[in-house]
Amino acid sequence: MKPVKTTTQDVPQGDIHSYDHLLKYFNNKPAKQTKKDVYHSITFVTTGIIAYDGGQTTMLHLGTLLSQQGYDVYYLSYVPQSSQEMAQNAEFNYAGYQGTCLAMNQLDTHKSDIWIATLWESAYVIKDKPGYKMYFVQDYEPYFYPYGDRYQMAKKSYELGLHMVSLGPWCAKMIQQNCVVTSPIDQINFPVNLADYPYQKRDFSQYQTKRQFDVAVYTKWRSPRRAPINLQLTLMNCQKVLAEHQIKLNLHYFGTEKDAQFINGENLGKLTQAEMVKLYHQSDFGIAPSMTNFSLVPFEMMSCGLPFVDFKEGTGSYFLPAGSYLQTSFNEKDLAQAFLNARQNSFAIEKRVKKGMAHLQSITWKQTLADFEAIIEKISVAVA
């Protein structure tokens, strides 16, 4: 008997040949650190530079601020991409960025006082290099994979002896709970750039008579931590619940490739900063799930004065004070009730928006830079 061919495939597994150019870097030897009195050069080691990448935009913003403080800043790719392509995407992600983009062919010859890993793979790449090795942790990356070898390799990267710097408290907590940590782990402020996402005052009293709500919905089909499947299902069922109350949800998805077909609403594709601001100003609510570390998008929505809806199953409570957003469970009944409550008590929504705006004033890039420079100061030989 022969098996029947089906379209269903086994869960895809890793192909080691994806790492042919990096094989020599993978081992479990702990990092050896070299401290100096003064650090002049800082190199972020990254997976090239990809357009629309929030994590790399944060890296570029931090690198630019460090460059303005007098450091020689570099962005060195450990995957094939020309320095010209890196620079073009860097300028798209963060216009006016400062620092020098270096292609992979300089991986073994470039020298730096401080090396900074930006993804678990790069922790292995830099750990044996001379100098001081740091690890800019923007997510708990074992959760990027099924429970298997890449999950374990990502988890092990936090145990290699690099000095870790967590963007916000959640990553640090996950590492401390799940890993055998033998090196420092510090936290820096998770910032927002208020100038790029200007506040627009709203008349929330109009919510009481609205029969339609426009919702800006951020998700990424290639990123399960942004919950693209559960989000569409929950919103589809929420629309049905609200229809029973004669209320319509108009869904405006963005963050995913334009050719993706959502089961409801419209797909606006990947938006520029100006297009996002326009969408936030025209919408009544914003949704941007973060099942692992927080996204910049909720901060950007809130900066524009858009009431933000978040799910208890995610990490919003680690980054936003209670009463500054609408918190609900990830199911259609509770989500629909959140919209109904907002309609019945629009004054409460206005209070949440004001509290959110006040919080954003305390999480500026100025604070993030101060946090990071304090860490560098702490690792100098003079204060060791």
**Prompt:** What percent do you get for the relative contact order of the chain when only Cα pairs under 8 Å and 6+ apart count?
**Reply:** 14 percent
**Item:** Largest to smallest accessible area among His17, His61 [probe 1.4 Å]
**Value:** His17, His61
**Prompt:** Under 23 Å from the Cα of Lys111, which lysines turn up, not counting those fewer than eight places away in the same chain?
**Reply:** Lys24, Lys29, Lys32, Lys35, Lys36, Lys127, Lys129, Lys133, Lys378
**Asked** Tell me, what is the per residue accessible area of region 140-236 in Å², probe radius 1.4 Å?
**Response** 47 Å²
**Message:** If I compute solvent accessible area with a 1.4 Å probe over the protein chains, what percent of it on region 139-219 is carbon and sulfur?
**Reply:** 46 percent
**Item:** With Cα atoms, 0 to 90° folded angle of helix 169-178 axis to the chain main axis
**Value:** 60 degrees
**Antiparallel bridge percentage (DSSP; both residues within the chain; nearest 5)** = 0 percent
**Item:** Sulfur and carbon atoms: percent of accessible area, region 58-97 [1.4 Å]
**Value:** 42 percent
**Request:** Can you grab the distance from the C-alpha centre of region 302-321 to the C-alpha centre of region 326-384, Å, no decimals?
**Result:** 6 Å
**Asked** Beyond 21 Å, what percent of the Cα pairs of region 209-355 remain?
**Response** 38 percent
**Fill in**
Dividing the helical contributions, -39500 (n - 2.57) per DSSP H run of n ≥ 4, by the residues of the chain yields a 222 nm value, nearest 500 deg cm²/dmol, of -10000 deg cm²/dmol
**Message:** What do you get for the angle between helix 365-378 and the principal long axis of the chain? Use alpha-carbon atoms, 0 to 90 degrees, nearest ten.
**Reply:** 30 degrees
**Message:** Going by average Cβ density within 10 Å per residue, which order do the peptides 78-90, 268-280 take, highest to lowest?
**Reply:** 78-90, 268-280
**Request:** Could you grab the relative contact order for region 4-137? Cα pairs under 8 Å, six or more apart, rounded to a whole percent.
**Result:** 30 percent
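What percent do you get for the relative contact order of region 258-336 when only Cα pairs under 8 Å and 6+ apart count?
For region 258-336, the relative contact order is 22 percent.
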**Under the Karplus curve 6.51 cos²θ - 1.76 cosθ + 1.60, θ = phi - 60°, whole-Hz ³J(HN,Hα) for region 31-39, x wherever Gly or Pro sits** = 5, 10, 9, 10, 9, 9, 6, 9, 10
**Asked** With a Cα-only, solvent-free Debye model of region 165-280, what are the log10 I(q)/I(0) values at q = 0.17 Å⁻¹?
**Response** -1.03
**Request:** For region 239-271 and region 13-50, compute the distance between their C-alpha centroids and round to whole Å.
**Result:** 40 Å
**Fill in**
Among Lys333/Lys366; Lys278/Lys366; Lys248/Lys278; Lys201/Lys270; Lys173/Lys220; Lys220/Lys333, the pairs whose Cα-Cα distance exceeds 30 Å are Lys333/Lys366
**Request:** May I ask for the angle, rounded to the nearest 10°, between helix 228-243 and the longest principal axis of the chain, with both axes built from Cα atoms and the value confined to 0 to 90°?
**Result:** 10 degrees
**Asked** Would you list Val125, Val241 from the most to the least accessible area, probe 1.4 Å?
**Response** Val241, Val125
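The values are calculated or read from the model by the stated rules, or taken from the named source; none is laboratory data. Remember, it's a predicted structure, so these values are computed and weren't measured experimentally. A quick note on method: Cβ atoms are made from the backbone with ideal geometry, for glycine too, and the neighbour counts reach across all protein chains shown. Ligands, DNA and RNA are excluded from the accessible area calculation, which covers all protein heavy atoms including side chains. Shrake-Rupley method; radii C 1.70, N 1.55, O 1.52, S 1.80 Å.
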